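Only one structure is covered here, and it is reproduced in the block below.
The values are calculated or read from the model by the stated rules, or taken from the named source; none is laboratory data. Predicted model, so just to flag it, every value in this text is computed and none were measured. Glycine gets a Cβ as well: all are built from the backbone with ideal geometry, and neighbour counts include every protein chain shown.
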Ligand SMILES: NC(=O)c1ccc[n+]([C@@H]2O[C@H](COP(=O)([O-])OP(=O)(O)OC[C@H]3O[C@@H](n4cnc5c(N)ncnc54)[C@H](O)[C@@H]3O)[C@@H](O)[C@H]2O)c1
């Protein structure tokens with residue numbers, strides 16, 4: 001790790017903020033990039049001194065030359081590519097969604113090719129798959145047929161296929177990771193952010209309605225971030241796309257755990273609105289590469305989030321307006 005320089009894109013997002021938390025803890029050398037210039041989410045996880053010590057670079061991943069220049073200028077050896085627009089934003093502006101999610105990923109792979117980057121982990125999504133009934137063989141393997149039901153998922157499939165060709169034609173290796181429902185402090189936008197918001201509401205003593213129910217795979221943001229770091233460092237020789245699993249449960253069970261934490265919490269969920277993705281996911285592909293996969297058990301993860309949110313509320317450091325959906 002001595003000569004390692006990690007480029008993080010989307011570092012002001014939820015997973016990005018947690019990647020920064022871990023890279024700071026590990027004493028790693030890294031460049032934190034984002035389109036934005038106000039690290040609101042990283043501030044939830046890092047002290048002002050830590051924020052001040054980070055090498056921040058404003059970078060729009062749709063800008064081919066800027067991506068290449070950044071990788072070259074800082075001698076980047078590993079990339080964690082998280083920048084992206086989530087489902088509602090892709091639906092609201094499909095051309096922008098394609099520019100950021102598809103062209104942005106091509107730019108990352110191309111910059112890696114031009115500059116001899118050694119390891120890449122990029123964010124795909126479980127939204128690359130179709131509804132659960134398409135996958136009768138459980139748990140669902142990494143290599144099942146993709147069948148996205150929204151543009152965001154289509155863009156993620158394009159990324160997976162682009163990565164495959166970058167390996168085939170130029171031996172640029174990568175691991176694409178397909179998170180399902182990432183939750184934790186700093187998760188505040190996207191269709192599945194309601195799980196994290198429900199924990200925030202429990203800590204704030206406010207009512208909250210999760211807009212979906214049914215089976216779900218829950219992945220703690222801190223664990224997901226570590227998984228991305230470990231995947232980039234694996235310097236995988238090939239182009240692979242991997243499921244994450246961690247806690248497979250149902251939203252009703254999750255809600256009951258919040259009631260255990262704070263019996264006064266008025267948390268509910270929309271039991272009849274089932275998310276159109278399979279939840280029983282096989283993560284043996286990623287295990288075969290990484291060995292262990294970081295996994296904080298659900299109860300412990302909820303407890304950690306509850307305590308962290310409570311401290312942030314107490315300090316007046318978190319915006320509770322996000323609970324208005
Ligand atoms: N959170 C989840 O549950 C989940 C599930 C599956 C996949 N993913 C994928 O993981 C990645 C990270 O997710 P997240 O929850 O941290 O997302 P997020 O929405 O919290 O953060 C995304 C970040 O990307 C940045 N960004 C947007 N456009 C950009 C551009 N043109 N150039 C550079 N940066 C830009 C935003 O400013 C933001 O900081 C995304 O690609 C997302 O699609 C997330």
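Take the conditions away from the ligand (no atom under 12 Å from the Cβ) and either crowded, with 24+ Cβ neighbours inside 10 Å or more than 18 Å from residue 265 (Cβ to Cβ) (or both) and apply them to residue 215. Does it pass?
Here the answer is yes, as residue 215 does meet what is asked.
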Specify the residue that is farthest from residue 277 (Cα to Cα); the eligible residues are those in region 188-212 that are away from the ligand (no atom under 14 Å from the Cβ) and assigned to a loop (DSSP other than H, G, I, E, B). 205
Could you check residue 185 against (1) touching a strand residue (DSSP E or B) at 6+ places or on another chain (Cβ under 6 Å); (2) crowded, with 24+ Cβ neighbours inside 10 Å and say which number it fails? (1)
Identify the single condition in (1) under 30 Å from residue 140 (Cβ atoms); (2) within 15 Å of the ligand (Cβ to nearest atom); (3) touching a strand residue (DSSP E or B) at 6+ places or on another chain (Cβ under 8 Å); (4) part of a helix (DSSP H, G or I) that residue 71 does not satisfy, given that it satisfies every other one. (1)
Determine if region 293-302 includes at least one residue that is farther than 27 Å from residue 144 by Cβ and without any contact (Cβ under 8 Å) to a residue 24 or more places away in the chain. yes
Residue pairs qualifying under the 9 Å Cβ cut-off, at least six apart or on distinct chains, with the first in region 76-104 being over 24 Å from residue 18 (Cα atoms) and touching a residue at least 24 places away in the same chain (Cβ under 8 Å) and the second being within 8 Å of the ligand (Cβ to nearest atom) and in a helix (DSSP H, G or I), are 91/152
Find all pairs meeting these conditions: Cβ atoms under 8 angstrom apart; at least six residues apart or on different chains; first residue within region 165-180 and over 16 Å from residue 232 (Cβ atoms); second residue within 16 Å of the ligand (Cβ to nearest atom) and modelled with pLDDT under 95. 180/192
Kindly provide the set of residues from region 272-291 that are assigned to a loop (DSSP other than H, G, I, E, B) and without any contact (Cβ under 8 Å) to a residue 12 or more places away in the chain, ordered by number. 291
Of residues in region 219-242 being under 12 Å from the mean Cα position of the chain (by Cα) and assigned to a strand (DSSP E or B), the one nearest to the ligand (Cβ to nearest atom): 219
